Structure formats: structure tokens, C-alpha cells
Amino acid sequence: MRGLTISAHGGLDRLELRDDLPVPALESDTQVRVRILAAALNHLDLFVVGGLPNVHIVAPWIVGSDAMGTVDAVGSAVSGLGVGDRVLINPGLSDRTCAYCLEGEQPLCPRFGILGEHLPGTMTDYVVLPATNVRRVDDAADPVVGAAFTLSTLTAWRMLVSRARVQRGEHVLIWGIGGGVALACLQIAKLLGAFVTVTSSSDEKLARAVALGADETIDHRGVDVGREMRARTAKRGVDVVVDSVGEATWSQSLGALGRRGRLVTCGGTSGPMVTTDVRRLFWNQWSILGSTMGNDAEFDAIVEHFRAGRLHPPIDGVYPLDDARSAFERMASGRQFGKLVVRIGS
Ligand SMILES: [Zn+2]
């Protein structure tokens, strides 16, 4: 079996395509094996290659979290899935026995793990995972789009719908349009009926975001986005800020927030340490919301939107498995607008 692997952390030159990996077997009767048709990159993949604290890999470690494929083997206790079914994969795995899991809040599970980060990844020919982590879609569904869909959209859905509870007519500010989660947030915010401002340092990305429904844009180079948003809203500020940039943008995000505003984050790509003036936090009655991945109900919700064609990720480029490193280099450059997908099976 082929697989894009690393055997040690470091730069992208650590990525190695191997063709001598064993095909994984079902380890329980509640699992399925999926033959991967396409896999997609997330920023997480760059962190995995570079090394993450408290995450240990076993060499050769298969990278990749997102994928779409067809069911290839089915455990005897699995119902509703058969060999040949085309499926979307939720890369978040939990123990399904703790109090959070029983409450339906799998991303809070103490044993929560993500394919490619805590468990072998998806940039390979076959993946074994619990049947509860896959959902059937139409046989004609495009594997490139399906692979690009799940992690970003699931993350964005939980951020905006479950955590920030964006309402029709609210004003949402999204930093750094072009990445998978930011673009999914744009599409979901528009689906919810919000007014959306997006930022970028690229005029081309801002123009493309407008074509996808963004109401307003800010070129954030040399601009204090907080002040700019207050000026544009007659000092009122916005209702929700989506900030997964962290250190570089946090104070501007708070500057943009109106009273009762919510800042929602799923990461800190520029650095993790931020400062918040607690006086402004309580006086303005802000909420600072963390969010990660999504639960089963949220997975079901986004799969319904996928099936109906209402949510679909923009694709930046598609690469063959033997040139997957180029996709990683493009991700590292930050120049992409939309998802980078690696085609694996046919
Ligand atoms: Zn659990």
C-alpha cells in the first residue's frame, strides 16, 4: 500500500512516499475500511510534519486528516453501510464511552484524536476507522470536493452555529480569507443570513471572496482592523469575529467587537499567546469562545448541506500522490485560495 509518510519531524523534505506499507485490517466489528480516492490538506498537516508538543509519531507515520473514499470492508456489527458505498470521513475519533461522548459532545472527549495527528492518516490507499466516523453520500459525489469538505466545514460549523450562535442579520468579521476554515466560515455565515466582512493581504483573494458572497472586504496590510471596523459601523462594532490567527490579530479582533460580541477561535497560526484587557471584556460583556472539530450531530448537519449542494469548498489545486509535496509547499506559502487536494485512487 502507498502512503505519504514522515519518519521524523522537520521540514517538508521529511515527506516520503512509500509503497511498502501493510494494508490495515479491521480490528473490531464496528469498524470499516475505506479505500481512499482523494485526501486534502489542512494547516494541521504542516504542524504534524514540523512536530507538535505531546504528539508522538510511530515511523513510518502516514500524514493527512481529510479524505473521501469508498467502503472496502465492513465489520459484522455495522449496519447501513456496504462495500462500494462512497463516504465522507470525519477525522475526529473519540472513545464513545466518557460522559462527554455520551452527551454527544465527542470533541470534548479526553481521548479525542485526529487522523494524521494522533492516529495514522489519510494520504494512503486504505484507512480503517469506526463506522460512526463515515457518512454515505451520492455515488456521483466528486471525491476531490468531498475530501476537501469535512475538516474545514465541520470546524467552521461548530464555531459559527454551535459556539458563536450567529443570527440572521448579524455582522461577522473573518480574518485571512483563503484558508479552508475561513472560506467555510464565509459560506456558513452567508447561509445563516449574516453580513460578512473578510480580510486578506491579497487583492485577488478579496475579489474572489466577494464572488463567493462576502459583503465587504478589508486589505489588512498597514490597517488597524479594529479601528477600521468601528469606523465602518458608526462605532458599534461587529457581533462575531472569527480569529484563528492569534497573536498577530487578537487585539485588533477585540477592537472590532461590539457590545455582547463573540470572538471565536480554533487556532493561533501566528502564535499562541494573546492578551485581553479584562475591563473591556466584562464591560462590553464579550464572549471568547474556543472551538475544535465537531460532534456527530454537527457532522450530520454539514453532510446534509453537502448532499444538497449548499456547502462546497473552493479548490485551489489537485495534485497526484507522487507530487503531494508540491501541495504541502503551496500550503506553506500561504498563497492558496481554497483547498489543496491529493488524488489517490480512481
Ligand atoms: Zn469520550
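The values are calculated or read from the model by the stated rules, or taken from the named source; none is laboratory data. Since we're looking at a predicted model, the values are computed, not measured. Cβ coordinates were reconstructed from backbone atoms using ideal geometry, including for glycine residues, and neighbour counts include every protein chain displayed. Ligands, DNA and RNA are excluded from the accessible area calculation, which covers all protein heavy atoms including side chains. Shrake-Rupley method; radii C 1.70, N 1.55, O 1.52, S 1.80 Å.
Overview of results
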| read-out | value |
| --- | --- |
| Whole-number accessible area per residue in Å² for the chain, which is evaluated in the context of all protein chains at 1.4 Å | 43 |
| Amide N proximity, segment 6-43 versus Arg96 label position 7 Å along Cα-to-Cβ, cut-off under 20 Å | 24-35 |
| Relative contact order computed over the chain (Cα-Cα under 8 Å; 6+ residues apart), in percent | 18 |
| The chain - convex hull of the alpha-carbon atoms, volume per residue in Å³ | 134 |
| DSSP loop trypsin sites (Lys or Arg not before Pro) with at most 11 other Cβ within 10 Å excluded, longest remaining stretch of the chain | 1-167 |
| Globularity ratio of segment 1-148, using Cα Rg and 2.2 N^0.38 Å | 1.03 |
| Full-extension gain in nm, Phe282 to Ala25, via 0.36 nm per residue minus C-alpha separation | 87.2 nm |
| Separation of alpha-carbon centers, segment 120-182 and segment 246-268, rounded to whole Å | 22 |
| Folded to 0 to 90 degrees: helix 324-333 orientation relative to the chain principal axis, Cα | 10 |
| Estimated inter-spin distance, Asp323 and Ala59, nm [label 7 Å along Cα→Cβ] | 2.9 |
| Label-point separation, Leu191 to His312 (7 Å along Cα→Cβ), nm | 1.4 |
| Carbon and sulfur %, accessible surface of the chain computed with the full protein complex present, 1.4 Å | 50 |
| Straight-distance crosslink candidates among lysines, where the alpha carbon sits under 19 Å from Lys205 and sequence neighbours closer than 8 are dropped | Lys190, Lys339 |
